[in-house]
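Take a look at the structure below.
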């Protein structure tokens, strides 16, 4: 009886792994569609990190540093925006150059490439790891049952 329960539990966890990986990959793909539209309709400009703005993050219960990015829009006006520090550009320092995208005639929509794509990349990476891990478990299980039968 305990062997049956153990097998049911293992099948449940393998099934969850098999479901979570593709689900995360699907979420990453679907959430990328609006970003692709943004990129297609955006201007790509040169930006420079001018400083790091210190802010208190309630999410992390500590102070974080967010890069302040300066760029010149298509009308020649200098603009500033604060990029998300979790976007991968937090490792950069003042004076470093970053590409900036914004919708045509709407410079207030400015984003860095890392800021734009980092959530989808993280979801896709985690989904791929879950998927590969579950496929390896299933193929190993199949090989073991094939060798004994």
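The values are calculated or read from the model by the stated rules, or taken from the named source; none is laboratory data. Owing to the predicted nature of the structure, the values given are computational and were not obtained by experimental measurement. Glycine also receives a Cβ, built like all others from the backbone with ideal geometry; neighbour counts cover every protein chain displayed.
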> Condition test on residue 51, is it outside any loop (DSSP other than H, G, I, E, B), in contact (Cβ under 8 Å) with a residue 40 or more places away in the chain, surrounded by 12 or more Cβ atoms within 10 Å (Cβ to Cβ) and under 20 Å from the mean Cα position of the chain (by Cα)?
Replying inline: no
> From 8, 36, which residue is without any contact (Cβ under 8 Å) to a residue 12 or more places away in the chain, out of contact with any strand residue (DSSP E or B) (no Cβ under 7 Å at 6 or more places or on another chain) and under 30 Å from residue 104 (Cβ atoms)?
Replying inline: 36
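Quick check on segment 82-95. Is at least one of its residues farther than 30 Å from residue 127 by Cβ and part of a strand (DSSP E or B)?
No - not one qualifying residue is present in segment 82-95.
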> When segment 69-96 is examined, which residues are found to be within 22 Å of the chain's Cα centre (by Cα), under 23 Å from residue 38 (Cα atoms) and modelled with pLDDT under 90?
Replying inline: 82, 83, 84, 85, 86, 87, 88, 89, 90
> Across segment 111-145, what is the number of residues that are over 18 Å from the mean Cα position of the chain (by Cα) and crowded, with 17+ Cβ neighbours inside 10 Å?
Replying inline: 1
